[in-house]
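The values are calculated or read from the model by the stated rules, or taken from the named source; none is laboratory data. Note that the coordinates shown come from a computational prediction; the quantities given were computed from them, not determined experimentally. Cβ sites come from the backbone with ideal geometry, for glycine too, and all protein chains shown count toward neighbours. For accessibility, only protein heavy atoms count, side chains too; no ligands or nucleic acids. Shrake-Rupley method; radii C 1.70, N 1.55, O 1.52, S 1.80 Å.
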Amino acid sequence: MQVTSPVRAPLVLKKEENGQKRATTYHDITEDICRQVEAPPTNPRWLLAMLLSLAALGWGGYTLYRTWWFGLGEWGLNKTIGWAWDITNFVWWVGIGHAGTLISAILLLFRQKWRTSINRAAEAMTIFAVLCAGSFILMHMGRAWMAYWALPLPNTYGSLWVNFNSPLVWDVFAISTYLTVSVVFWYIGLIPDLATIRERAIARGDKIRAFVYGILSFGWDGSAKTWARYEEVALILAGLSTPLVLSVHTIVSMDFATSLIPGWHTTIFPPYFVAGAIFSGFAMVLTLMLITRHVFKLQAYITLEHIESMNKVIVLTGSIVGIAYLTEFFIAWYSGVEYESYAFINRAFGPYWWAYAAMMSCNVLSPQFFWFRSLRRNIYVTFILSIVVNIGMWFERFVIIVTSLHRDYLPSSWAMFYPTWVDLGDYIFTFGLFFTLFFLFAKFLPVINMAEVKAVLKSTSQTTLEKVQARSAESVASDTHQGDDK
């Protein structure tokens, strides 16, 4: 029996022109990806999306002004629930920012070629999500102009230093480091593509665009020595970023795990938070990339293989999150601590049962649909479930924070949390900020890494696949004829 080794599906599909397909060339890649950058900003769909995000940013800006001018009394917090909507959104946005570094750094180190078409947008999403997360820290401070007090800087108040034993201080170092490395990694990857846009602008005589992109490309000349240094820097940054993927959300989880509040004081939080962050981050990458794929007509570069690979990661991390939920209940029972047991019973059957039900259905049940290959490769199912997953991950953070605080050791202090319109407006502000930045990025910078896609074109194109399959078929036929001769 002849066994043929399976061949991976292509990561770059053929071009279709006049009803006929032909092999995609390097020039095609440059033209398709530079098209939206070089075109005037008159795309009606882009303009509508930009107007909506600016409207959200403006309305949220007004509620942010009220938060800082009138104080945190504008929020729905009370004496029992001191953390609620703000920290829920902070942890949610930090989690969304994890997929970008994972795709860029870890998959680069493991030489996964399917990352090449999605890493640029994922890295940008990371930066914008971390900025949104940081905005909630500034909101929660009440006096944002005092934010530098969280840094270990010399000051005029004598020996006044931050408390290095506090996880809130660890957050400052972890998130600022993560943001810095992510920005550098993202921008280093942009430089070759910016140089391509610069050269095209020079050829067309567009002096303004050539000047702007010439400054942004840092004099990239495309020599072999330049490329060698570029690849060395990329590997170094990937090595630095990889531990950050694990450390940042681990430290965020310690905000809760180092406390003594039932429902928080548990050692499962660090790995559980990291898995949840990758889970929600990949879901957001899918949401954005499916829209980008449709609007900019990039179906040849963001293929069903990319979508299926990301869905497999969602199944894995979603299963880890589901196991963590069950483990929490088991440990609460096994500990024999009645307060710990009550905290989890209250989550599932207390007044916030609906939030817990939403969390379990969105995070544990919905990803299981991706066990079926037909659903993993279905664009519409993937888009809907990617949104459902992020809704579920938001409810997870809400359940962890609010249900652990609203009923403490004294029944006389039990209370409920209800978000005010200012709470909602501050959340809308971060959505406006995130999508405004992402739409600007998608319009004025290459949303796909041209250099890396060109690097894998020959080995992963559909033409190469057909040649390999043809050779395999010839080999099978040859073996069959030899068997007949014998």
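The rows are residues; the columns are (1) of a type in the set (A, V, I, L, M); (2) under 16 Å from Ala84 (Cα atoms); (3) in contact with a His (Cβ under 8 Å, 6 or more places away or on another chain).
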{"site": "Asn363", "(1), (2), (3)": "no, no, no"}
{"site": "Phe370", "(1), (2), (3)": "no, no, no"}
{"site": "Phe383", "(1), (2), (3)": "no, no, no"}
{"site": "Val402", "(1), (2), (3)": "yes, yes, no"}
{"site": "Phe439", "(1), (2), (3)": "no, no, no"}
{"site": "Ala455", "(1), (2), (3)": "yes, no, no"}
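Close Cβ contacts (under 7 Å, 6 or more residues apart or on different chains) running from residues in segment 276-302 that are open to solvent by 10 Å² or more (accessible area, probe 1.4 Å) to residues that are basic (Lys, Arg) comprise Val295/Arg45; Gln299/Arg293; Ala300/Lys15. Identification of helices (runs of 4 or more DSSP H) wholly contained in segment 383-486 with 1 or more residues that are basic (Lys, Arg), open to solvent by 40 Å² or more (accessible area, probe 1.4 Å) and at pLDDT below 90 yields 450-455, 457-460, 462-485. Within segment 249-269, the set of residues being under 13 Å from Glu328 (Cα atoms) and not aliphatic (A, V, I, L, M) comprises Pro262, Gly263, Trp264, His265, Thr266, Thr267, Phe269.
Taken together, Ala55, Ala129, Ala133 contain a single residue that is open to solvent by 40 Å² or more (accessible area, probe 1.4 Å), in contact (Cβ under 8 Å) with a residue 12 or more places away in the chain and either of a type in the set (Gly, Ala, Ser) or on the phi > 0 side of the Ramachandran plot (or both), which is Ala55. Just one of the numbered conditions (1) open to solvent by 50 Å² or more (accessible area, probe 1.4 Å); (2) outside any helix (DSSP H, G or I) is not true of Tyr65: (2).
Comparison of Asp86, Asp32 shows that the only residue that is farther than 30 Å from Ala275 by Cβ, of a type in the set (Asp, Glu) and buried (at least 19 other Cβ atoms within 10 Å of the Cβ) is Asp32.
Selection within segment 209-241: residues that are within 18 Å of Leu445 (Cβ to Cβ), out of contact with any helix residue (DSSP H, G or I) (no Cβ under 8 Å at 6 or more places or on another chain) and among the aliphatic types (A, V, I, L, M). The member of this set that is surrounded by the fewest Cβ atoms within 10 Å (Cβ to Cβ) is Ile215.
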